[in-house]
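Encoded as structure tokens, the structure appears first; notes follow it.
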Amino acid sequence: MNMNKLTLALLPLIAVLATGCGGDDGESGATGPAGSAGVDGTNGTDGTNGSDGTNGNLAVFTVQVTNLTYAQPFSPAAVVLHESGFNTFIDGEMASLGLEQLAEGGDPSGLISEALAATQYLDAVTTPGATSPKSIGTMSTLLVPLLDVDDLRISFTTMLVNTNDAFTGLNAADISNMTVGQTMSFMAPTWDAGTEANTETADTMPGPAAGAAGGGGASAGFNAERDDLFDSVHFHRGVITNENAADESKEGLSTSVLTEADRWDNPTARIVVTRTR
């Protein structure tokens, strides 16, 4: 057979065999599962605490009273730091309502409110409780801006509670430009608020002397009616007491529940102011 004819005859068979040698493509494999999440990082350590703050641009003052009387307790006091121009009282002028409430009933809150309303106000506190005779009271702390120490005044007002309306303290005492560590001491006399007659009876005074006689208490304190003929603040002449009440040749008040022990000499209070910062 002719070779060319043989080759042509075999071509279809070779094509079939070539096709049969290659299989069909396989299917794609399934997608593998996602990887697990990574582990969270550990928390950082806590920061250190900041240091305590200081009183910045403030000057700090302490105030403390000593009761110099023999038997007159002092009421809680109104202590005010302020600039010049504010007064808790003025000799010869009518007492404010706040001063009347303190001088008659030993309540300093009204006087503190009056100070708060003043444009000269800087800081104020009320001393806790009474200050017994012949004792030193609790120390109070007040703060004022450094810029205000060049015109600084202190007013301190407390009632002698075995009286009708007597009080002692300071009225706008000058403590300007005190240096840190400096102390100033003031001796204070006793004033009459001029708002209540000095009858010295158990039903008109709030103190322990009236209480021992069956009166006293809150109801015997402040009375809005003003029955003192002076009707103005003035220097107190002292209590009369019931001593010698039966002797017409001597001074004595039969209605008084006070004794010689309730008298006082002036000054009745020492107020010490210290600048601590």
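Brief remarks follow.
- Any hit, region 244-253, residues being in contact (Cβ under 8 Å) with a residue 24 or more places away in the chain and of a type outside the set (Lys, Arg): yes
- Matching residues, region 145-162, being in contact with a Leu (Cβ under 8 Å, 6 or more places away or on another chain) and within 18 Å of PHE235 (Cβ to Cβ): SER155, PHE156, THR157, THR158, MET159
- Checking PRO189 against (1) surrounded by 17 or more Cβ atoms within 10 Å (Cβ to Cβ); (2) in contact with a His (Cβ under 9 Å, 6 or more places away or on another chain), the condition it does not meet: (1)
- Flag for ASP203 being under 28 Å from ILE154 (Cα atoms) and either buried (at least 16 other Cβ atoms within 10 Å of the Cβ) or without any contact (Cβ under 8 Å) to a residue 40 or more places away in the chain (or both): no
- Taken residue by residue, region 154-163 has no member that is part of a strand (DSSP E or B), of a type outside the set (A, V, I, L, M, F, W, C) and closer than 18 Å to THR276 by Cβ.
- Region 118-135 residues that are surrounded by fewer than 17 Cβ atoms within 10 Å (Cβ to Cβ), paired with ones that are acidic (Asp, Glu) (beta carbon under 6 Å, 6 or more apart): none
Here's the yes/no breakdown for (1) assigned to a loop (DSSP other than H, G, I, E, B); (2) among the charged types (D, E, K, R); (3) in contact with a Phe, Trp or Tyr (Cβ under 7 Å, 6 or more places away or on another chain); (4) at pLDDT below 55:
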{"position": "LYS5", "(1), (2), (3), (4)": "no, yes, no, yes"}
{"position": "ALA9", "(1), (2), (3), (4)": "no, no, no, yes"}
{"position": "ALA18", "(1), (2), (3), (4)": "no, no, no, yes"}
{"position": "SER28", "(1), (2), (3), (4)": "yes, no, no, no"}
{"position": "ASP40", "(1), (2), (3), (4)": "yes, yes, no, no"}
{"position": "GLY44", "(1), (2), (3), (4)": "yes, no, no, no"}
{"position": "PHE61", "(1), (2), (3), (4)": "no, no, no, no"}
{"position": "THR66", "(1), (2), (3), (4)": "no, no, no, no"}
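- Failed item in (1) surrounded by 15 or more Cβ atoms within 10 Å (Cβ to Cβ); (2) at pLDDT 90 or above; (3) assigned to a loop (DSSP other than H, G, I, E, B), with GLY215 passing the rest: (2)
- Enumeration of residues in region 167-210 that are polar (S, T, N, Q), touching a helix residue (DSSP H, G or I) at 6+ places or on another chain (Cβ under 6 Å) and not in a loop (DSSP other than H, G, I, E, B): none
- Verdict on PHE222 being of a type in the set (Phe, Trp, Tyr), surrounded by fewer than 17 Cβ atoms within 10 Å (Cβ to Cβ) and part of a loop (DSSP other than H, G, I, E, B): no
- Members of region 67-101 found to be in contact (Cβ under 8 Å) with a residue 24 or more places away in the chain, crowded, with 18+ Cβ neighbours inside 10 Å and hydroxyl-bearing (Ser, Thr, Tyr), listed by number: THR69, SER75, THR88
- Every test in (1) of a type outside the set (A, V, I, L, M); (2) over 28 Å from ILE90 (Cα atoms); (3) touching a Lys or Arg at 6+ places or on another chain (Cβ under 7 Å) is passed by ASN242 save one, and that test is (3).
- Residue check for GLU243: modelled with pLDDT under 85, farther than 15 Å from ALA166 by Cβ and assigned to a loop (DSSP other than H, G, I, E, B): no
The values are calculated or read from the model by the stated rules, or taken from the named source; none is laboratory data. These numbers were taken from a predicted model, which means no experiment stands behind them. Neighbour counts are summed over all protein chains in view; Cβ atoms, including those assigned to glycine, are modelled from backbone coordinates with ideal geometry.
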